[in-house]
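The values are calculated or read from the model by the stated rules, or taken from the named source; none is laboratory data. In this text the structure is predicted, and so the values were computed from the model without any measurement. All Cβ positions, glycine included, derive from the backbone under ideal geometry; neighbour counts span all protein chains shown.
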């Protein structure tokens, strides 16, 4: 039998805003990745590999400096 625990957190305003910003940046990366994969399929008829999309992250981090703060 697996156990699970739930913990309630009470972040401060600054912690909450930082968590929301991190979530926004993760959402942005996800949407950019989906857009890249969709364009590759529609325009070139090819699927992209996991490694190809992972290699886009350093480029995006150069363009968007806030991504460096996201783990």
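Restricting attention to the stretch 7-15, does a residue exist that is at pLDDT 90 or above, surrounded by 12 or more Cβ atoms within 10 Å (Cβ to Cβ) and in a helix (DSSP H, G or I)? Looking through the stretch 7-15, none of the residues is at pLDDT 90 or above, surrounded by 12 or more Cβ atoms within 10 Å (Cβ to Cβ) and in a helix (DSSP H, G or I). Going by the conditions given, is residue 43 more than 22 Å from residue 19 (Cα to Cα), assigned to a helix (DSSP H, G or I) and within 15 Å of the chain's Cα centre (by Cα)? For residue 43, the condition - more than 22 Å from residue 19 (Cα to Cα), assigned to a helix (DSSP H, G or I) and within 15 Å of the chain's Cα centre (by Cα) - is not met. Close Cβ contacts (under 8 Å, 6 or more residues apart or on different chains) running from residues in the stretch 54-67 that are surrounded by 14 or more Cβ atoms within 10 Å (Cβ to Cβ) to residues that are outside any helix (DSSP H, G or I) and modelled with pLDDT of 90 or more are absent.
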